[in-house]
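Undergrad: Below is a structure I'd like to ask you about.
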Amino acid sequence: MKRLYLLFLLLSLMSTVAFAQRVALRTDLLLWGTTTPNAGVETSISRHFTMALNGAYNAWKFGNDMKLNLYLIQPELRYWPCRKFEGHFLGVHGHYAYYNVGQIPFFSGMEDIIYRGDLYGGGITYGYHWVLGDRFSIEAVIGGGYARMEYDKYRCAGCGERMGHYKRNYFGPTRAGVSLIYFIR
C-alpha cells in the first residue's frame, strides 16, 4: 500500500511542476487488453523534453484460480526532435513491478505454477505520436532494455508448496504500448 501512496505522490508532484506547460493524461490500450487498469501523466519540462510516469494495478480474481495480479510503475524521460507531443520521440525508461501470476491455462508450463516476485530495470524507447485534435492523441511505443527478476515459484495456489527462490536477468523487449492521450492544458 505504501508503494501506491508513493505513485500518487509522484503523479501529484509531476502535475505541480507543470505550471503553464502542457499536461497529458494517458492510458495504455494494450494493458487494458490484459484486464489491467492503468493510467499515466506526461508533462513538458523543456522545449524538447517531456517526463512521463505510468502506473498499472491489476487485482482481479478469476474463477478458475488463474492469477494475473501486479502493480507497475514506469517513469520515462522523452526527447522530441521537432515539437513535443508530435511525431517521433526517443526515451529512457525505468520500470518496477511486483507480480503474482500463474495457473494460466492457455500458456504452456503455467497451468500449475505460480510466480511471485519483483521486477526492475530500464531501457530505451522509440515512439510515434499522432495528434487527433486539440485535446486527443494516440501514440505507439516499443522499447528494449534490461529487467532483473527475483521471484518465488509455487506449485499451486491451494497447497502453496514453494519450489524455490530464483533470480533472472533479462535483455530484450521491455516495453510495448498503444496509448490514448487526453491533454489538460
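The values are calculated or read from the model by the stated rules, or taken from the named source; none is laboratory data. On a predicted model such as this, the values are computed, not experimentally measured, just so you know. Neighbour counts run over all protein chains shown; Cβ positions are idealised from the backbone, glycine included. The area values use the complete protein model at the heavy-atom level, side chains included, leaving out ligands, DNA and RNA. Shrake-Rupley method; radii C 1.70, N 1.55, O 1.52, S 1.80 Å.
Undergrad: When the accessible area of the chain is split by element with a 1.4 Å probe, what percent falls to carbon and sulfur? The partial results should precede the final answer.
TA: Values: 6910 of 10590 Å².
Roughly 65 percent, rounded to a whole number.
Undergrad: Please give the calculated 222 nm ellipticity per residue for the chain, where each DSSP H segment of at least 4 residues contributes -39500 (n - 2.57) and the sum is spread over every residue; nearest 500 deg cm²/dmol? Before the final figure, lay out the partial values.
TA: On the way: 2 runs with 20 residues, N = 185.
After summing the helix terms and dividing by residue count, I get -3000 deg cm²/dmol.
Undergrad: Working from the alpha-carbon coordinates of the range 119-168, get Rg over Rh, Rh being the Kirkwood radius. Before the final figure, lay out each step's value.
TA: Numbers: Rg = 19.4 Å, Rh = 14.6 Å.
Over the Cα atoms of the range 119-168, Rg/Rh equals 1.32.
Undergrad: Note down the nm distance, to one decimal, between modelled labels 7 Å out along Cα→Cβ at CYS156 and at ARG22.
TA: About 5.5 nm separates the two model spin labels.
Undergrad: With volume of the Cα convex hull per residue in Å³ as the read-out, I listed (i) 131; (ii) 121; (iii) 113; which label goes with the value calculated from this structure?
TA: Answer by label: (ii).
Undergrad: Send over a whole-number figure in Å² for the accessible area per residue of the range 52-157, probe 1.4 Å. Before the final figure, lay out the partial values.
TA: Numbers: 5400 Å² over 106 residues.
In whole numbers, the range 52-157 has 51 Å² accessible per residue.
Undergrad: Same structure again: Which order do ARG168, ARG175, ARG83 take when ranked by solvent-accessible area (1.4 Å probe, heavy atoms of all protein chains), largest first?
TA: ARG83, ARG168, ARG175
Undergrad: What order do HIS129, HIS88 take when sorted by accessible area (1.4 Å probe), most exposed first?
TA: Listed by decreasing accessible area, they come as HIS88, HIS129.
Undergrad: Also, I was wondering about something else. Enter the accessible area of MET163 (Å², nearest 10), with the probe set to 1.4 Å and all protein chains included.
TA: Approximately 70 Å² of MET163 is accessible to the 1.4 Å probe.
Undergrad: Taking only the Cα atoms of the range 33-105, how large is their convex hull per residue, in Å³? List each step's numbers first, then the result.
TA: Numbers: hull volume 7.4 nm³, N = 73.
Once divided by residue count, the hull of the range 33-105 is 101 Å³.
Undergrad: Which residues does the label zone of ARG148 cover in the range 36-54, counting backbone N under 17 Å from a point 7 Å along Cα→Cβ?
TA: Taking a point 7 Å out along Cα→Cβ of ARG148, no residue of the range 36-54 has its backbone N under 17 Å.
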